[in-house]
Amino acid sequence: MNIVLGVGGGIAAYKSAELVRLLIERGHGVQVVMTAGAQEFVRPLTFAALTGRKVVTSLFSTNSESTLSSAIEHIGVAQENDLLVVSPATADLLAKFANGLADDFLTTMYLAFTGPVVLAPAMNSNMWLHAATQSNLETLRRRGHRIVDPEEGQLACGMVGPGRLAAPEQIAMAVDAEIGRRRDLDGETVLITAGPTQEPLDPVRYISNRSSGKMGYALAEAAAARGAKVVLISGPVHLAPPRGCTFIAVHTAREMRDRVFENLQPASVIVKAAAVADFHLSKVPSQKMKKTAARLSLELDPTPDILAELGRKKGDRLLVGFAAETENLQQETRRKLEAKNCDMVVGNLVGGEGGAFESDQNEVLLALRSGEFIAVPRASKREVADRIFDEILKLRLHIYATNGR
């Protein structure tokens with residue numbers, strides 16, 4: 001595979017020489033692109049000697065005989081390579097990538113590049129934790145880019161905290177994983193539900209929950225990046241629909257149930273990540289209820305059990321449920337798997353510090369029909385989404401083998 005290695009202007013730029021060696025050992029061709037800042041820390045000759053290739057250092061040719069080919073070299077590099085890895089990815093580069101700014105070769109080439117992207121950030125702890133950087137990272141994750149989070153430790157500035165570039169071996173492993181996952185869901189149609197539902201109490205009030213939809217949206221992004229046709233049915237959230245998905249917005253559990261079954265026929269994999277409200281008001285008044293000093297009692301009925309109905313009607317589709325629990329996670333995921341006839345249930349703890357709701361990170365327990373439990377350690381929700389699809393793919397291949405496909 002042909003890989004572009006973008007080297008940003010940080011003290012960690014010297015570590016990219018080791019990353020080049022690891023990528024070449026894996027049989028990849030490596031084209032290095034350096035920013036002006038990177039050249040202050042490492043000479044281009046270092047990378048030229050390692051790769052045996054010219055190192056791109058400028059958007060425009062520096063000799064007096066510039067040609068059309070040199071003027072559009074960023075397009076050629078983008079088209080000739082299969083994967084882009086940026087290490088170190090500085091805060092400045094992350095901001096430019098996220099906002100589509102292009103003022104040098106690397107940022108311009110990024111806009112022309114259509115393959116998978118792996119970003120390994122490195123910077124001062126305060127810069128890493130700044131709201132602007134975290135917002136840019138979230139934008140890049142939504143695009144399907146793999147982020148290799150920095151490590152905690154002693155930084156060049158003397159601070160101790162997050163921001164140190166991940167080890168070159170870890171970055172190379174992330175590249176391996178991205179290559180291995182590329183288009184491995186081709187031919188699958190994945191139906192995903194996400195977010196909460198809102199069950200009206202009157203024209204202005206409703207019952208809901210704290211689900212942000214981030215896990216479901218991360219699953220949709222991951223599935224689309226791996227080649228699946230994705231239908232995302234979402235309750236109300238403050239997230240932009242992922243690129244490459246068919247998006248359907250709903251509010252109530254009944255609406256979600258109806259949209260799920262309207263789109264069920266072509267689906268080969270169903271992932272029910274939505275936090276559907278369990279109850280709704282039996283009779284919703286047409287006018288706003290007025291506040292009084294008297295106690296108010298509400299008569300609530302159960303909402304449709306979408307997962308149980310899917311379990312009865314799934315056929316040879318693969319069905320994955322989610323279990324948001326506050327205790328007894330292993331016991332409850334196993335109970336839900338059996339009660340709803342799922343092929344896998346993803347359990348996560350909610351509530352309290354470190355809970356899954358509203359967080360950008362998650363850690364989950366996967367319960368399988370074989371009786372096996374697989375613990376997925378805490379990571380970004382996009383990384384957890386990919387681990388879930390790794391297991392989904394194994395189950396799907398087993399189903400194909402069983403059915404002689």
Can you give the Kirkwood hydrodynamic radius of the stretch 152-310 from its Cα pairs, in Å with one decimal? 18.6
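Express the relative contact order of the stretch 116-260 as a whole percentage, based on alpha carbon pairs under 8 Å and six or more residues apart in sequence.
21
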Cα-based Rg and Dmax for the chain, in Å, come out at 24.1, 86
Which residues' amide hydrogens lie under 5 Å from the amide hydrogen of Phe322, considering only partners 5 or more residues apart or on another chain, with H built in the peptide plane? Lys272, Val346
Mind pulling the per residue volume of the convex hull built on the Cα atoms of the stretch 2-181? Å³ is fine. 107
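Using a/c under 1.5 as the rounded threshold, could you call the stretch 288-375 rounded, prolate or oblate? The axes a ≥ b ≥ c are square roots of the C-alpha gyration tensor eigenvalues, and prolate needs a/b larger than b/c, oblate otherwise.
oblate
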Using the Karplus equation 6.51 cos²θ - 1.76 cosθ + 1.60 (θ = phi - 60°), what ³J(HN,Hα) coupling, rounded to whole Hz, does each residue of the stretch 236-251 give in order, writing x for Gly and Pro? x, 9, 9, 10, 6, x, x, 5, x, 10, 7, 10, 10, 9, 9, 10
For the stretch 189-402, shape from the Cα gyration tensor axes a ≥ b ≥ c, cut at a/c of 1.5 then a/b versus b/c, turns out prolate
Overall form of the stretch 251-319 per C-alpha gyration tensor (a/c, 1.5; a/b vs b/c): prolate
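Relative contact order of the stretch 232-382, please, whole-number percent, based on alpha carbon pairs below 8 angstrom and at least 6 residues apart. Walk me through the numbers on the way to the answer.
Values: 216 pairs, mean separation 23.2, N = 151.
Relative contact order, the stretch 232-382: 15 percent.
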Which of Lys229/Lys381; Lys283/Lys314; Lys214/Lys336; Lys96/Lys272; Lys288/Lys313; Lys96/Lys394 have a Cα-Cα distance over 28 Å? Lys283/Lys314; Lys96/Lys272; Lys288/Lys313; Lys96/Lys394
Residues with amide H under 5 Å of Arg378's amide H, sequence separation 5 or more or different chain, H placed in the peptide plane at 1.01 Å from N; which? none
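Within the chain, what percent of beta bridges assigned by DSSP are antiparallel, to the nearest 5? Write down the numbers at each step before the final one.
Numbers: 19 of 62 bridges.
DSSP beta bridges in the chain are roughly 30 percent antiparallel.
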Using the charge dipole of the chain (Lys, Arg: +1 at Cβ; Asp, Glu: -1 at Cβ; taken about the Cα centre), state which of Leu366, Val32, Ser58 has its Cα farthest towards the positive end. Leu366
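Only the coordinates and a few stated rules stand behind these numbers; no lab work does. These numbers were taken from a predicted model, which means no experiment stands behind them. A quick note on method: Cβ atoms are made from the backbone with ideal geometry, for glycine too, and the neighbour counts reach across all protein chains shown.
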